[in-house]
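The values are calculated or read from the model by the stated rules, or taken from the named source; none is laboratory data. All of these numbers come straight from a predicted model, not from anything done at the bench. Reconstructed Cβ throughout: ideal geometry from the backbone, glycine too, with neighbour counts over all protein chains shown. Please note that ligands, DNA and RNA were not included when accessible areas were found on the heavy atoms of the full protein model with its side chains. Shrake-Rupley method; radii C 1.70, N 1.55, O 1.52, S 1.80 Å.
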Amino acid sequence: MAGARGVDATRGLRLNVADHALEAAVAGAGVALSYKLIATDDVRSGRLVIPFGPELPLHERAYHFVCLPGHETRPNVRAFHDWIFAEMQQTREQWAAATIA
């Protein structure tokens, strides 16, 4: 999708857990492909950088907040929902501000 040529993706360390891949990159084991929201803390702290583009849109991927029917009205479930969505919005705003600057 990025148009990269001459890359042998069958060689080298391969991790299928995002946290492990990011930690390996922080430790100097190579590069990681990651969702921007998952890598936010490492990029913001300066442990990792986004060295070049492109940013690849993955519209078919999504996270969904799910719970048992009727549990969405429970105060602790509502509080968690509100917190996680506020965190996501804050992160999006920080990335947008960093992109503009």
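Selection of first residues in the stretch 1-21 that are open to solvent by less than 80 Å² (accessible area, probe 1.4 Å) and of second residues that are modelled with pLDDT of 80 or more and among the aromatic types (Phe, Trp, Tyr), restricted to Cβ pairs under 9 Å at least 6 apart or on distinct chains, gives the following pairs, ordered by first then second residue: Ala18/Tyr35. Testing Tyr63 on (1) over 17 Å from Trp95 (Cβ atoms); (2) modelled with pLDDT under 95; (3) surrounded by fewer than 10 Cβ atoms within 10 Å (Cβ to Cβ), one condition comes back false. Which one is that? Result: Tyr63 passes all but (1). Checking the stated criteria, Ala39 turns out to be under 11 Å from the mean Cα position of the chain (by Cα) and either buried (at least 16 other Cβ atoms within 10 Å of the Cβ) or not in a helix (DSSP H, G or I) (or both).
All of Gln90, Gln94 fail the test of being touching a residue at least 40 places away in the same chain (Cβ under 8 Å), on the phi < 0 side of the Ramachandran plot and either open to solvent by 90 Å² or more (accessible area, probe 1.4 Å) or of a type in the set (S, T, N, Q) (or both), apart from Gln94.
Checked against the criterion of being open to solvent by less than 100 Å² (accessible area, probe 1.4 Å), part of a loop (DSSP other than H, G, I, E, B) and in contact with a Pro (Cβ under 9 Å, 6 or more places away or on another chain), the stretch 42-50 contains not a single residue that satisfies it.
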